[in-house]
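The values are calculated or read from the model by the stated rules, or taken from the named source; none is laboratory data. This is a predicted model, so every value here is computed, not measured. All Cβ positions, even for glycine, are placed from backbone atoms using ideal geometry, and neighbour counts span all protein chains on display.
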Amino acid sequence: MRKQAKPQAGRKKGMARLWELALRKRALVCAACVLSVVSVAASFVPFVVVSSIIRELVAFVAGAGEINGAYMARLGWTACGGAAAAIFLNFAALMCSHMAAFGTLYDLKVEFARHLAALPLGFHTENSTGKLRKVMDENIEKLEGFIAHQLPDLAGSFAMPVITLVILAVFDWRLGLASLVPVVLSYLIQVIAYSGQAARVFMDKYQDSLEDMNNAAVEYVRGIAVVKAFNQTIYGFRRFYQTIKDYGTYCLDYTKSFEVHFSLFLLIMNQAYLFLLPVIILLSGGVTDYGSFAFVAVFYLIFSVSLPTSFVKLMYVSQNGRMIVNNIERMDAVLDTPPLPETASPKTAGEYSLSFDHARFTYAPQGLPVDMAQQESAMASPSGPAGASLGPDRGESAAAIKDVAFTAKQGEITALVGPSGGGKSTLAHLIPRFYEVSGGAIRIGGVDIRDMAQEYLLSIVSFVFQDVFLFKQSVLDNIRIGNKNATREEAVAAAKAAQCHEFIEALPNGYDTVIGTKNIHLSGGERQRLVIARAILKNAPIIVLDEATAFADPENEREIQKAFEQLMKDKTVIIIAHRLSTVRGADKIVVIDQGRSIEEGRHDDLVKAGGRYSRMWGQYSGALEWRLV
């Protein structure tokens, strides 16, 4: 029985999901918020002290007595202490919030990277590198800014009106209410600005255009050789140019949509004293103690100047909150993509013969295997699997693999040949479950690969593809990818077996040379041999070679063939090749055409049979005799 992977049920959405992630490091976040609130409270101390100083000065002017110098000095030091405490507490709050932010960021990136590695290969082919890079590097990174900076600001900004209300009520509740009017109006403006449907639509368009621009930028940089060869510029490379224009348009539209709300917000908060002056004038008509009233009025006017600071912070928190929520939704969309189902009772193979038992496969939308696409459609539609047409019964014409049946025995070389687009490389990707078969089965040692743990399956299969990828690491580390626990001596031995020890030693730092730096580059054949060394070091019992010598020159091909001899000893070997001469000596040749296995046997027997392979061999032999005249 297999455990079917499903998107996480009941995942929170919107701000609830943001708070869930922000509170992963609950103790540190709570400490940061408390320290921020206390810091805001300490920042009010100088204003209270100033009110006492004003009271003393008013009393002196009114002739009520002499100025107490010692008392005034104590007030001054108290004001300085309050300001210093506010700075120190704010620093402590930021320390706690940054520790929480970086811890959360680390956990999320590791979780996201692990999930990406567990997703089927089709997901990665259908989702561009630029999009996934943006989600991992930018979208998740935005959460760090929210936790580290905006969350403490948010706590302080919400605490400020409460503290303000308490302080203002102590002096004169009427002027206190007048001071709170601009605060209430500012809150309402923010709610109207950032909670509307238009703001959400603009944010979605903004994020989409940013992803498109990232995708186009990655494509432009990767294809820069072609761009230069055909004398193109950024303006000639239409897709990249258009995505930049679209991004700029959406940014301007998004900014303009808030121009009225933002202007009103700043006007109200920066002119808060205008709400106080009419009330002061009205109240002054019934005042009997003008000295005390003047003191209170001046205090409120001074205090109103401090109101905008925290509320401007709150405005930016509200604005960025919506953007971060959108970023999290895009991250969750990837996290909710189900990986391939794992078996509940994993099995292992007793031997390593590989058999295709009438295997079928159809590429589904978004690169997901058919059965998973059906599952997603079923979950999306309460009435049943609306996407049932995506399954293997939707028509053989859409299937990449329609019916393939053969067995590759351990210790033998089995070659897959056939016209381009026939399904040979797709078969190779089905062996390690990069994709899931839509029908039939693939077995290793008689065990269905779906009944094996994914980690175990990948450990017994090695690949050498025609498209070689080397990481920007040392040569030694690139070889050790085949076996991370291998010693240096074992890696060097694998390199010698792969016929690449000589050119590695010629590099500036030998095995410690970092590929891709300081103009250190390898030829196609050298890179191919490094990958073979990686496969030799892994020493898996099943080897898949997909056009491994397609781009090698004759000299390098001879070296690669020597490396293959070492790599293939006593292994189950699958070779995919277009050059029929390279597979002439294979123990078995299987002809794949239009997703079907139509012939199998040894070279001489297939040529004599006069079937599809015989015709291919005749065409290939004729092509070898072609000459320029």
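Results, tabulated for the structure shown:
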{"item": "Residue list for segment 103-151, restricted to those being under 30 Å from V40 (Cβ atoms), at pLDDT 85 or above and not aromatic (F, W, Y)", "result": "G103, T104, L105, D107, L108, I147, A148"}
{"item": "Candidates V583, V591, filtered to the one that is over 35 Å from the mean Cα position of the chain (by Cα) and at pLDDT 90 or above", "result": "V591"}
{"item": "Residues within segment 106-137 that are touching a residue at least 40 places away in the same chain (Cβ under 8 Å) and closer than 20 Å to C30 by Cβ, tallied", "result": "2"}
{"item": "Test: residue in segment 41-55 that is under 23 Å from M99 (Cα atoms), among the small types (G, A, S) and touching a Leu at 6+ places or on another chain (Cβ under 6 Å)", "result": "no"}
{"item": "Restricting segment 9-23 to residues that are of a type outside the set (A, V, I, L, M, F, W, C) and surrounded by fewer than 16 Cβ atoms within 10 Å (Cβ to Cβ), the residue that is farthest from the chain's Cα centre (by Cα)", "result": "G10"}
{"item": "Search result, residues across segment 452-493 that are touching a residue at least 60 places away in the same chain (Cβ under 8 Å), surrounded by 18 or more Cβ atoms within 10 Å (Cβ to Cβ) and part of a helix (DSSP H, G or I)", "result": "Q454"}
{"item": "Considering residues of segment 564-580 that are in contact with a strand residue (DSSP E or B) (Cβ under 9 Å, 6 or more places away or on another chain) and under 22 Å from G622 (Cα atoms) only, the residue modelled with the lowest pLDDT", "result": "H578"}
{"item": "Cβ pairs under 9 Å, 6+ apart, first in segment 567-587 and touching a residue at least 24 places away in the same chain (Cβ under 8 Å), second buried (at least 20 other Cβ atoms within 10 Å of the Cβ) and among the acidic types (D, E)", "result": "I574/D546; I575/D546; I576/D546; A577/D546"}
{"item": "Single match in V110, V135 (criterion: within 13 Å of V334 (Cβ to Cβ) and either crowded, with 18+ Cβ neighbours inside 10 Å or not charged (D, E, K, R) (or both))", "result": "V135"}
{"item": "Enumeration of residues in segment 122-150 that are small (G, A, S) and not in a helix (DSSP H, G or I)", "result": "S128"}
{"item": "Check on I520, surrounded by fewer than 16 Cβ atoms within 10 Å (Cβ to Cβ) and of a type in the set (V, I, T)", "result": "yes"}
{"item": "Among (1) within 26 Å of the chain's Cα centre (by Cα); (2) within 25 Å of H115 (Cβ to Cβ), the one test that S462 misses", "result": "(1)"}
{"item": "Single unsatisfied condition, P419 versus (1) at pLDDT 50 or above; (2) more than 20 Å from K588 (Cα to Cα); (3) surrounded by fewer than 15 Cβ atoms within 10 Å (Cβ to Cβ)", "result": "(2)"}
